[in-house]
Amino acid sequence: MRRGCTIESVVVTLLTRAGCPACARALDELRGVCAGYDASLTVVDVDEAAAHDPELRAEFGDRLPVVLLDDREHSYGEVDLPRLHRDMTAATEEA
């Protein structure tokens, strides 16, 4: 359940929860970024995932939304768009 926006070996995941306005904004922004790189997007609700991965909510639940790039924290609270574009461009060039 923790897989999403894939360009070759790069994986972007949005961690979120229901009723989170900042998470909704982050989702809109990530949809635009992923569309620009012809990539798909998956969202992980940390509360739903807690049933099988409670550590995910424990680690990230107080800083949502969280963007993971290759399962590493990339940004939280808001999407760091300039940095994400830089990293996605670099990943595309490496592919």
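Brief remarks follow.
- Total residues in segment 50-70, condition surrounded by fewer than 18 Cβ atoms within 10 Å (Cβ to Cβ) and farther than 18 Å from Ala91 by Cα: 11
- Options Leu81, Leu68: the member that is in contact with an Asp or Glu (Cβ under 9 Å, 6 or more places away or on another chain), closer than 20 Å to Ala22 by Cβ and in contact (Cβ under 8 Å) with a residue 40 or more places away in the chain: Leu81
- Tally, over segment 13-39, of residues that are under 10 Å from the mean Cα position of the chain (by Cα) and at pLDDT below 85: 0
- Where a residue in segment 10-38 is under 15 Å from Gly77 (Cα atoms) and its partner, wherever it lies, is surrounded by 20 or more Cβ atoms within 10 Å (Cβ to Cβ) and among the polar types (S, T, N, Q), with Cβ under 6 Å and at least six apart: Cys23/Thr16
The values are calculated or read from the model by the stated rules, or taken from the named source; none is laboratory data. Since the model is a prediction, treat every value here as computed from it, not as a measurement. Note that we place each Cβ from the backbone using ideal geometry, even for glycine, and neighbour counts take in every protein chain shown.
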